Amino acid sequence: MIVSLNHLNEKFVFAASALLSKIINGDTNLKTISAKKILCIRLDEIGDLCYSLHVFDLLKQQYPQAEITLLCKPFSVSLVQNQASVNKVVTAFSELEHNYDLIVELRGSWKSIWFAAQHKPTVRVDRATVRLKNKKIGKHPHEVYTNLQVIEPLLNFELENPNPKIYLNAKDNQKATNFLVGNSIDQFAVFHTEARKKLRRWDENNFVALANYLHQKHNFEIVFIGASDDFSSIDKLQKKLDFKTYNIAGEFNLSEFAALVSKANLYVGNESGPLSIASVSDLPTLGLFGPGEAEVFYPYGKKSAFLHHVLECNPCDQIHCIHPENPCINRITVQEAILKVEQLLT
């Protein structure tokens, strides 16, 4: 019932957001507007923000003199702190000004809809309008392209291959280098074995088998990453391996993690925010998918691949599994993962 109510609420939010943009914009030719102050709203998860990073660069290209403010969740700030196209990052509505020329809503809420209605911008574009249009044609593209579609009506240039990019600073790179040098790590693979939802987690014994293979075949060190509350579960997994591995759960913020993973030989992980970061960091990346929506959230990068056994029940609510004895994430075999890894490494 809770899931159904949440889904119903999202439908109302989408409808209200699309209607508000239509009322604000009227018959304005969006490609002709001049914007000096832009507000972008992205109030969801790490991976979603990661697949929005190109939007800010493209807006700056279209409006080079504009000041761009991003409203996002506090834990995501480090992901955009080095992005020159973003002039200001805030994490609360109370930090916003009230006179934006353009509002770009990449994922909002009733509160963000009310904010735009109260402080009417010259123009507003939103993800809900795009999602509703895509639903009518029966196909949702990858999130990178959905986010591009949100701002396409504003752009006076065409872009076929968007390029989300995480910008690193010297401090980020130095922390990653210090960790690697301090532990005498040369070639290494990064593993993310956790996920917020249990049905997204590949069995830990599969990760153990894959870690053993990579260590023996490629002489890779294995670095486990995650949030601070993942430390104990990673420690449990490490004890099943008979060689030294590294557990840095909770030790790196997002931009520092991006710096570390950009120096890795391989990334393997469940569907999650870290997977999205790895996929746009130009290294071989393997995403392991279970109940996730096919094609919409797969790793995007040119060196990325995924494994996904799409069952008849996909997509689901990711909580109630109709195959609890053999959930879709564990239909992925270790041998499949090894074959995909070898393809990525060659």
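The values are calculated or read from the model by the stated rules, or taken from the named source; none is laboratory data. If you're wondering where the values come from, they're calculated on a predicted model, not measured in any experiment. Reconstructed Cβ throughout: ideal geometry from the backbone, glycine too, with neighbour counts over all protein chains shown.
At pLDDT 95 or above, outside any loop (DSSP other than H, G, I, E, B) and under 19 Å from E45 (Cβ atoms), is that true of E256?
Considered against the rule, which asks whether it is at pLDDT 95 or above, outside any loop (DSSP other than H, G, I, E, B) and under 19 Å from E45 (Cβ atoms), E256 comes out as yes.
Quick one: L254 ticks every box in (1) without any contact (Cβ under 8 Å) to a residue 12 or more places away in the chain; (2) in contact with a helix residue (DSSP H, G or I) (Cβ under 6 Å, 6 or more places away or on another chain) bar one, so which box is it?
Every listed condition holds for L254 apart from (1).
Please tell me if E271 is acidic (D, E) and surrounded by 22 or more Cβ atoms within 10 Å (Cβ to Cβ).
Criteria met by E271.
Does region 317-335 contain at least one residue that is in a helix (DSSP H, G or I) and in contact with a His (Cβ under 7 Å, 6 or more places away or on another chain)?
So far as region 317-335 goes, yes, one or more of its residues are in a helix (DSSP H, G or I) and in contact with a His (Cβ under 7 Å, 6 or more places away or on another chain).
Can you name the residue in region 307-346 that is among the aliphatic types (A, V, I, L, M) and out of contact with any strand residue (DSSP E or B) (no Cβ under 9 Å at 6 or more places or on another chain) and is also surrounded by the fewest Cβ atoms within 10 Å (Cβ to Cβ) among such residues?
Restricting to residues being among the aliphatic types (A, V, I, L, M) and out of contact with any strand residue (DSSP E or B) (no Cβ under 9 Å at 6 or more places or on another chain), the top hit is I322.
Answer with yes or no whether G269 is in contact with a His (Cβ under 6 Å, 6 or more places away or on another chain) and either not assigned by TED's automatic domain parsing to the domain that holds T193 or not in a loop (DSSP other than H, G, I, E, B) (or both).
Here the answer is yes, as G269 does meet what is asked.
How many of the residues in region 59-77 are buried (at least 18 other Cβ atoms within 10 Å of the Cβ) and either under 18 Å from the mean Cα position of the chain (by Cα) or aromatic (F, W, Y) (or both)?
5
Looking for whichever is touching a residue at least 12 places away in the same chain (Cβ under 8 Å), of a type outside the set (S, T, Y) and under 18 Å from N173 (Cβ atoms) here; the options are I234, I277. Which one fits?
One residue alone meets the criteria, I277.
Across region 286-316, what is the total count of residues that are part of a loop (DSSP other than H, G, I, E, B), within 21 Å of P164 (Cβ to Cβ) and free of Cβ contacts under 8 Å to residues at least 60 places away in the same chain?
Final tally of qualifying residues: 5.
Out of N173, N205, N169, I need the residue that is at pLDDT 95 or above and over 27 Å from L49 (Cα atoms). Which one?
N205
Take region 136-193 and flag every residue that is closer than 25 Å to V268 by Cβ, touching a strand residue (DSSP E or B) at 6+ places or on another chain (Cβ under 7 Å) and buried (at least 16 other Cβ atoms within 10 Å of the Cβ).
Across region 136-193, the qualifying residues are I185, F188, A189, V190, F191, H192, T193.
Within region 86-105, can you find the residues that are touching an Asp or Glu at 6+ places or on another chain (Cβ under 7 Å) and either free of Cβ contacts under 8 Å to residues at least 12 places away in the same chain or buried (at least 22 other Cβ atoms within 10 Å of the Cβ) (or both)?
E105
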